[in-house]
Amino acid sequence: TARGTISERVAGLDAGADDYVVKPCAMEELLARLRAISRRRPDPAGRLQVGDLLLDPEQQRAWRADTELELSRREFAVLRALMENAGCVVSRLRLLEEVWDGEVDLRSNAIDVHVSKVRAKIDRAFGRTSITTLRGRGYRLETSQ
């Protein structure tokens with residue numbers, strides 16, 4: 001894009017962009033950014049990896065570094081939704097649809113409670129902050145931890 005001010009770049013990223021390149025752009029930089037994005041993609045076995053977080057949907061197991069995490073079914077589903085959309089905002093409505101199949105009222109605090117439990121297990125125990133709350137918009141799993 002030609003929109004290159006800080007506020008325009010921040011707005012683009014906050015709107016859900018994985019990356020933001022201002023033109024003119026050097027081909028080397030573009031290729032490096034594409035390599036970085038491709039590293040975020042799930043591996044052929046279907047596992048998801050963001051930093052040192054690894055999630056295996058088939059086996060319903062997750063690890064931070066070499067430590068296996070004990071997650072409930074819903075906590076696992078919350079983490080999966082966040083990892084599948086790492087770097088992007090995941091709205092409360094989307095979590096409601098993906099994790100609860102619409103069973104819970106959006107006004108309920110069930111989503112907040114489960115996100116808090118996931119934070120405790122993947123972050124607090126490891127001295128990290130990976131999940132950001134974007135007030136009125138949802139949650140984002142940061143890609144740089």
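For this structure, a couple of remarks:
- V118 meets all of the listed conditions (1) at pLDDT below 90; (2) not assigned by TED's automatic domain parsing to the domain that holds G12 but one, namely (1).
- Considering region 131-145, and only residues there that are of a type outside the set (A, V, I, L, M), out of contact with any Ser or Thr (no Cβ under 9 Å at 6 or more places or on another chain) and assigned to a strand (DSSP E or B), the residue that is surrounded by the fewest Cβ atoms within 10 Å (Cβ to Cβ) turns out to be T132.
- R80 being basic (K, R) and under 18 Å from the mean Cα position of the chain (by Cα): yes
- Residue in region 14-24 that is of a type outside the set (D, E) and either assigned to a helix (DSSP H, G or I) or assigned by TED's automatic domain parsing to the domain that holds A125 (or both) present: no
- Residue count for region 126-141, restricted to those that are at pLDDT below 95 and over 15 Å from G51 (Cβ atoms): 6.
- Number of the condition not met by A86 [criteria: (1) more than 17 Å from T133 (Cα to Cα); (2) assigned to a loop (DSSP other than H, G, I, E, B); (3) of a type outside the set (K, R)]: (1)
One line per residue, one yes/no per condition, for (1) of a type outside the set (V, I, T); (2) touching a Leu at 6+ places or on another chain (Cβ under 9 Å); (3) surrounded by 15 or more Cβ atoms within 10 Å (Cβ to Cβ):
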{"residue": "K23", "(1), (2), (3)": "yes, no, no"}
{"residue": "A32", "(1), (2), (3)": "yes, no, no"}
{"residue": "I37", "(1), (2), (3)": "no, no, no"}
{"residue": "R47", "(1), (2), (3)": "yes, yes, yes"}
{"residue": "Q59", "(1), (2), (3)": "yes, no, no"}
{"residue": "A65", "(1), (2), (3)": "yes, yes, no"}
{"residue": "E70", "(1), (2), (3)": "yes, no, no"}
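- Residue in region 110-130 that is part of a strand (DSSP E or B), under 13 Å from the mean Cα position of the chain (by Cα) and either within 23 Å of A15 (Cβ to Cβ) or not aromatic (F, W, Y) (or both) present: no
The values are calculated or read from the model by the stated rules, or taken from the named source; none is laboratory data. Only a predicted model underlies this, so the values are computations on that prediction, with no experimental measurement involved. Using ideal geometry, Cβ is built from the backbone for each residue, glycine included, and neighbour counts are taken over all protein chains shown.
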